[in-house]
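Undergrad: First, the structure itself, so that you have it in front of you.
The values are calculated or read from the model by the stated rules, or taken from the named source; none is laboratory data. What you are looking at is a predicted structure, and each value in this text was computed from that prediction instead of being measured. Because the Cβ atoms are built from the backbone with ideal geometry, glycine has one as well, and the counts that use them run over all protein chains shown. The accessibility values were calculated without ligands, DNA or RNA, using every heavy atom of the protein model including side chains. Shrake-Rupley method; radii C 1.70, N 1.55, O 1.52, S 1.80 Å.
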Amino acid sequence: MNDRAHHSVRLRGIAAASIALCAAMALTACGGSESTDSPASPSSTPSQSFVTPSASASESEDPQAAHKRAVLQAYNRFWEEQVKAYSQGNVTGTDVAKYAAAQALSATKRDLSELRSQGIVTTGGPTHATSVDKLQADKKVPYAKLTDCLDSTGWKFVYAESQKPVDMPKNRLVRYVTEVEAEKWGNQWKIVTVTPQQRSC
C-alpha cells in the first residue's frame, strides 16, 4: 500500500482523521477533535456487545453504575456497527449513525470513502478492554470519557475483488490505547471522538 493510503485517513477514529485506517495501520497523524454538532434525540436499545466492560460496581455501590453501563453499551454497539460498515465498504444497512456523531461519524464516512476508492474492505474485527474514566451525567449534555485497549490483530484489510490482504507497515501497533469521548443526545449516548494513542497497552 502506498504512503497516501497509509497516511491519508486519521483513524483518529478508530481512529484522527479516520476510524479504521490508523487503527489497522501505522498510528501516525492520528488525533481527535472537539464536537461542534448540536445534540439530537435518537433512542435505541443496545444489544449484547463485544467490548469488555470494566465498570462492574453495582448501583448500590456506585450511583453512576447505570450510566456507565449505558455508555459502554453504546461504545460496544458503535464498534459492532463500524465492523459491519467496514466489511461492506459503506454504512448502508448499519446503525453507525445511531451510535456515532460529530467527528467520530464524519471520520468513519471519510474512511469508508477512502477505502472504497481503493477497493478495500475488512474481515474479522478488533477486540476491546474499555473503562469509563470520567462521567458527568448532570451536565446539560451528559459527558463521558473512556479509555480502550484496542487490539486490531483479528481485524484484516483485504482487497474486495481478490480478497488478498492489504500490505501493512511492519512496525505498526496492533494493540494500543484509544481515548474516547461520548455525549448523551436525548436518550442515546453517542460516541463523538475516538483518538488512538501512540502507545501500546
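Undergrad: Test ASN171 against the criterion of being closer than 28 Å to ALA101 by Cβ and open to solvent by 50 Å² or more (accessible area, probe 1.4 Å), and give yes or no. Steps first, answer last, please.
TA: On the way: closer than 28 Å to ALA101 by Cβ: no; open to solvent by 50 Å² or more (accessible area, probe 1.4 Å): yes.
So ASN171 fails the test.
Undergrad: If I ask for residues that are out of contact with any Lys or Arg (no Cβ under 7 Å at 6 or more places or on another chain), farther than 18 Å from GLY125 by Cα and among the aliphatic types (A, V, I, L, M), which ones from region 82-103 would you list?
TA: Selection gives ALA97, ALA102.
Undergrad: Could you check LEU150 against (1) farther than 21 Å from TYR86 by Cα; (2) open to solvent by less than 40 Å² (accessible area, probe 1.4 Å); (3) of a type outside the set (D, E, K, R); (4) in contact with a strand residue (DSSP E or B) (Cβ under 6 Å, 6 or more places away or on another chain) and say which number it fails?
TA: It fails just one condition, (1).
Undergrad: Kindly indicate the residue of region 106-134 that is open to solvent by less than 10 Å² (accessible area, probe 1.4 Å) and hydrophobic (A, V, I, L, M, F, W, C) and also nearest to ASP167 (Cα to Cα) among those meeting that condition.
TA: Only one residue fits best here, namely ILE120.
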